[in-house]
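K.L.:
Just passing along the structure, written as structure tokens.
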Amino acid sequence: MVKKGKKEKKVKGAEKTAAKMEKKVSKRSKREEEDLEALIAEFQNLDAKKTQVVETTCPPPSPRLSASLSAHPEKDELILFGGEFFNGKKTYLYNDLFFYNIKKNSWVKSEIPNPPPPRCSHQAVVVPQGGGQLWVFGGEFASPNGEQFYHYKDLWVLHLATHTWENIKAPGGPPGRSGHRMVLSKKQLLVFGGFHESTRDFIYYNDIYSFSLDTFSWSRLTPSGSGPSPRSACMMKPAPDGIGVIIYGGYSKVRVKKDVEKGTIHSDMFLLKREGKDGQEKWSWSRLNPSGNKPPPRSGFSLAVGPAGRALLFGGVCDEEEEETLEGDFYNDLYLYDMVKNRWFPGLLRGHKSEKKKRRRGKKGGAEGQGAEGEEEEGAPQGPTEVIKEIVAEDGTVMTIKEVIPGAQAEEEEEEEEEEEEEDDASAPLVEPCARSSAMATARQGKLFLYGGMFEVGDRQFTLNDFYSLDLNKMDRWEVLVEMDPKTQEWLEESESEEDEEEEEEAKGAEGVEEGEEESEEESEDEEDEVEHPAVQEGETVTDYQSRTEQHWIGLARANMGPDAKEKKVAKVALVMAKVFFEDQ
């Protein structure tokens, strides 16, 4: 009894602390948001001048992240709304609306009068009633310099049948936030978590609100039991048969000192269960302990709900925080969660028929789990393989992209080199989206669709507009719907004096490193051509060549990346350079 009393006091104390922090953040950010409200009002005034719906066939949407991608409840269409783009100097927020026709592989931009103001990190949910509706809640708006933030607490509905936006004004809703999650559970929209941030303070939430689609009213739920700690960007999906929702993972940070913040990536899992009749529900939290291969810790992953209600989790980033640096390892792997079995398993690509035959031949002893899921899990214990891809942007910046390839693939590719090909396309490399975070994902017609997102190279952010689909029944390959063109990437460096730039380059002692935007890509390529590289020997594989010439390429990579580059990254770039040279011979 004593322990229980202490626990209750601890919980109440945490709630009071959270309430104080929320009040503090709200007070400090009020002035900032008042400044941004004027800018938002200007956007709304421009949109208010539109009086007719204008639909235009268009190219794919511009590069962006943290938008929403939803499947139309009745048509073979996807709906993309909002998002953000950062070019190194300026932040752009969008409120444009696009429809993607799956069968025609075509895009239409729909300009509808009086839309929600520009935003990112919001949530959108489709419901079938009224000919189909898209509900949008919350999100954030940032000043062009990215130093001030406005967090929305508005609720909108797009009537898909009539192509009209409606602002739903209902009291008692969640405070302004972004990075939250919202799902449809029976006839309710459930909102969980998120964060609210100003230039000096921040707060993460673990509250949960319900919006009734029957009464158009908000209510805050007070579930029993111990639920998730405050967080944003978690996985939230409806549980089968409308019994509630499932929460997994997420991200939060705390201030450990006055100017020091520490981020936490969560990997726990919870069930919010509904009991009782509609309108008289009682809610309770319980912890889930799933089996299988859980995703490694990460934030910024993309989420969709596939066939049979399985959760699909793609990509994300795991930040490596050091004293004064923050580097992220980006992922491009896929994990599936089966609520019925309470089990995680990796979504490994099966490849072609010849590859599947080899996998079965190499199998020793009995394996647990048969059928399609068993085949996917079979290669998991071998672990994923990192593949490094190098892309040179228009301004000469080298993008080093890490891709995670299913574990069994590397060995299978070696077998293909030793054996005669059973099919012409059996040895073709698997095409996969590059590693990324904050991409948009949804599922429709048994396919997973993935659009955009971002990854970072050093201090530079690359925002994507490539588009992929994956047949979730075949699980054989990603289909490229829109290919990424690195030359379209815009990046404006922070303004620095020429003297500072020259001093920085002298300190690095790098040869052939570009000195500003005026040095051309051709010049750097000419300098590389002047260096004599070790020749490829007859019958040598790329792995043998990389091993034999490792020190040569590490030296070249170090000269280009500078003395401050980490050994691990230098080694990865060296492998890429050796592979590129090998393939060119």
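The values are calculated or read from the model by the stated rules, or taken from the named source; none is laboratory data. Predicted, not measured: the structure shown is a model, and the values here were computed from it. Methodologically, a virtual Cβ is constructed for each residue, glycine included, from the backbone with ideal geometry; neighbour enumeration extends over all protein chains shown. Areas reflect the complete protein model, heavy atoms only, side chains present, ligands, DNA and RNA absent. Shrake-Rupley method; radii C 1.70, N 1.55, O 1.52, S 1.80 Å.
K.L.:
Out of (1) among the acidic types (Asp, Glu); (2) assigned to a loop (DSSP other than H, G, I, E, B); (3) modelled with pLDDT of 75 or more, what's the single condition that is false for Glu519?
P.N.:
Going through (1) among the acidic types (Asp, Glu); (2) assigned to a loop (DSSP other than H, G, I, E, B); (3) modelled with pLDDT of 75 or more one by one, Glu519 breaks only (3).
Rundown of residues vs (1) of a type in the set (A, V, I, L, M); (2) open to solvent by less than 60 Å² (accessible area, probe 1.4 Å); (3) in contact with a Ser or Thr (Cβ under 9 Å, 6 or more places away or on another chain), yes/no style:
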position	(1), (2), (3)
Gly279	no, no, yes
Trp283	no, yes, yes
Arg287	no, no, yes
Pro297	no, no, yes
Ala304	yes, yes, yes
Leu312	yes, yes, yes
Asn332	no, yes, no
Tyr337	no, yes, no
Pro346	no, yes, no
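K.L.:
In region 109-125, is there at least one residue being buried (at least 17 other Cβ atoms within 10 Å of the Cβ), in contact with a Cys (Cβ under 7 Å, 6 or more places away or on another chain) and not charged (D, E, K, R)?
P.N.:
We begin by selecting, within region 109-125, every residue buried (at least 17 other Cβ atoms within 10 Å of the Cβ); these are 110, 112, 115-125.
Keeping just the survivors that are in contact with a Cys (Cβ under 7 Å, 6 or more places away or on another chain) gives none.
No, there is no match, as no residue in region 109-125 is buried (at least 17 other Cβ atoms within 10 Å of the Cβ), in contact with a Cys (Cβ under 7 Å, 6 or more places away or on another chain) and not charged (D, E, K, R).
K.L.:
What residue, of Met269, Met182, is in a strand (DSSP E or B), open to solvent by less than 50 Å² (accessible area, probe 1.4 Å) and under 30 Å from Pro118 (Cβ atoms)?
P.N.:
On the way: Met269 fails: under 30 Å from Pro118 (Cβ atoms).
When all the criteria are applied, what remains is Met182.
K.L.:
Which of the strands (runs of 3 or more DSSP E) found entirely inside region 202-266 contain at least 1 residues meeting this: of a type in the set (D, E, K, R) and either surrounded by fewer than 23 Cβ atoms within 10 Å (Cβ to Cβ) or modelled with pLDDT under 95 (or both)? I'd like the intermediate steps shown before the answer.
P.N.:
Numbers: elements: 202-204, 208-212, 217-220, 235-238, 244-257.
Here the list reads 217-220, 235-238, 244-257.
K.L.:
Name every residue in region 157-179 that is touching a His at 6+ places or on another chain (Cβ under 9 Å) and surrounded by 15 or more Cβ atoms within 10 Å (Cβ to Cβ), in order of residue number.
P.N.:
If the condition is that a residue be touching a His at 6+ places or on another chain (Cβ under 9 Å) and surrounded by 15 or more Cβ atoms within 10 Å (Cβ to Cβ), then Leu160, Trp165, Pro174, Pro175, Gly176, Arg177, Ser178 are the ones that fit.
K.L.:
Considering only region 138-149, how many residues are surrounded by 14 or more Cβ atoms within 10 Å (Cβ to Cβ) and either modelled with pLDDT under 95 or in a loop (DSSP other than H, G, I, E, B) (or both)?
P.N.:
Here is the first cut: in region 138-149, the ones surrounded by 14 or more Cβ atoms within 10 Å (Cβ to Cβ) are 138-143, 148-149.
Within this subset, residues satisfying the condition of being either modelled with pLDDT under 95 or in a loop (DSSP other than H, G, I, E, B) (or both) are 138-139, 142-143, 148-149.
Within region 138-149, residues that are surrounded by 14 or more Cβ atoms within 10 Å (Cβ to Cβ) and either modelled with pLDDT under 95 or in a loop (DSSP other than H, G, I, E, B) (or both) number 6.
Conditions tested, residue by residue: (1) touching a strand residue (DSSP E or B) at 6+ places or on another chain (Cβ under 9 Å); (2) modelled with pLDDT of 80 or more.
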{"site": "Gln546", "(1), (2)": "no, yes"}
{"site": "Thr549", "(1), (2)": "no, yes"}
{"site": "Ala557", "(1), (2)": "no, no"}
{"site": "Pro563", "(1), (2)": "no, no"}
{"site": "Lys572", "(1), (2)": "yes, no"}
{"site": "Val576", "(1), (2)": "yes, no"}
{"site": "Lys579", "(1), (2)": "yes, no"}
{"site": "Phe582", "(1), (2)": "no, no"}
{"site": "Gln585", "(1), (2)": "no, no"}
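K.L.:
If you don't mind, there's one more thing I want to ask. All but one of (1) in a loop (DSSP other than H, G, I, E, B); (2) modelled with pLDDT under 60; (3) touching a helix residue (DSSP H, G or I) at 6+ places or on another chain (Cβ under 9 Å); (4) not basic (Lys, Arg) hold for Gly365, so report the exception by its number.
P.N.:
Of (1) in a loop (DSSP other than H, G, I, E, B); (2) modelled with pLDDT under 60; (3) touching a helix residue (DSSP H, G or I) at 6+ places or on another chain (Cβ under 9 Å); (4) not basic (Lys, Arg), only one is false for Gly365: (3).
K.L.:
Consider only pairs whose beta carbons are under 6 Å apart and that are at least six residues apart or on different chains; among these, list those whose first residue lies in region 85-99 and is open to solvent by less than 10 Å² (accessible area, probe 1.4 Å) and whose second residue is at pLDDT 95 or above.
P.N.:
Partner pairs satisfying both residue conditions: Leu97/Phe81; Leu97/Ser110.
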